[in-house]
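The values are calculated or read from the model by the stated rules, or taken from the named source; none is laboratory data. Fair warning: this is a prediction, and the values are worked out from it, not measured in the lab. Don't worry about glycine lacking a Cβ; one is built from the backbone with ideal geometry, like all the others, and counts go over all protein chains shown.
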Amino acid sequence: MPALAETTIAVIGSGVESHEEVASEVGRLLAAAGVNLLTGGGRGVMTSVSRAFTQSPRGKGICIGIIPSASFDQPSVTKADYPNPFVELPIYTHLPLSGERGRELASRNHINVLSSAGVIALPGSEGTLSEVSLALEYGKPIIAYSKDTRVFDAFPLAVLRTSRLDAVDVFVRDICYADRALPRLSGVEGP
């Protein structure tokens with residue numbers, strides 16, 4: 001398994017629909033960038049992006065999944081179908097809430113957002129929207145990526161939207177640069 005990278009990028013999106021094309025593109029991009037991938041560790045987009053990430057050549061970066069519990073009554077029991085088979089480092093939580101309740105304190109969505117240097121949103125519904133809102137609340141850089149950006153009409157206007165993978169690449173590289181706090185050369189202006 002590759003080594004842990006310095007920078008972690010969260011990818012959020014549908015837990016049901018795979019959105020295979022965009023999720024695979026993002027997974028391969030993150031592997032090439034040498035960052036850690038963090039997801040909620042489940043199905044749909046989480047599986048698609050994790051599969052592409054782990055099956056791509058990479059020198060650094062691991063696939064991390066933040067895993068929910070089954071319920072408040074069973075905090076030590078993992079939610080069914082978690083983690084997906086591509087998660088290399090599952091982090092099990094006692095937090096069962098997701099979906100439309102994803103902003104509540106008993107949701108792992110807070111950990112997903114707070115543990116990342118930036119967030120890439122792929123198409124999704126209530127749970128994705130809750131993580132988008134948390135990213136804005138916690139001041140995390142966020143970009144929404146889909147070939148059809150109209151799927152993000154429900155997102156707050158503060159969220160950057162793109163249909164271009166190269167824009168996602170620039171977003172990731174800017175985060176990596178900022179996250180590594182690279183020294184500036186004297187007399188050279190940086191971003």
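Some points to look at:
- Of all residues in the range 21-38, those satisfying the criterion of being part of a helix (DSSP H, G or I) and in contact with a helix residue (DSSP H, G or I) (Cβ under 7 Å, 6 or more places away or on another chain) are Ala23, Ser24, Glu25, Val26, Gly27, Arg28, Leu29, Leu30, Ala31, Ala33.
- Residue that is farthest from Arg28 (Cα to Cα) [pool: residues in the range 80-106 that are assigned to a loop (DSSP other than H, G, I, E, B) and acidic (Asp, Glu)]: Glu104
- Selection within the range 109-144 - under 20 Å from Glu17 (Cα atoms), out of contact with any Phe, Trp or Tyr (no Cβ under 7 Å at 6 or more places or on another chain) and assigned to a loop (DSSP other than H, G, I, E, B): Pro123, Gly124, Ser125
- The range 21-35 residues that are touching a residue at least 24 places away in the same chain (Cβ under 8 Å) and buried (at least 19 other Cβ atoms within 10 Å of the Cβ), paired with ones that are basic (Lys, Arg) and part of a helix (DSSP H, G or I) (beta carbon under 9 Å, 6 or more apart): Ala23/Arg51; Gly27/Arg51; Ala33/Arg173
- Set Glu131, Glu137: member being closer than 23 Å to Pro68 by Cβ and loosely packed, with under 15 Cβ neighbours inside 10 Å: Glu137
- When the test is whether a residue is closer than 15 Å to Asn112 by Cα, assigned to a loop (DSSP other than H, G, I, E, B), touching a helix residue (DSSP H, G or I) at 6+ places or on another chain (Cβ under 6 Å) and at pLDDT 95 or above, Ser18 does not pass it.
- So Arg58, is it out of contact with any Asp or Glu (no Cβ under 8 Å at 6 or more places or on another chain), within 21 Å of Phe155 (Cβ to Cβ), touching a residue at least 12 places away in the same chain (Cβ under 8 Å) and not in a helix (DSSP H, G or I): no
- In the range 140-170, residue nearest to Gly13 (Cα to Cα) [restricted to those that are surrounded by 16 or more Cβ atoms within 10 Å (Cβ to Cβ) and of a type in the set (D, E, K, R)]: Arg161
- Tally, over the range 1-20, of residues that are surrounded by fewer than 18 Cβ atoms within 10 Å (Cβ to Cβ), out of contact with any Pro (no Cβ under 8 Å at 6 or more places or on another chain) and within 16 Å of Lys147 (Cα to Cα): 1
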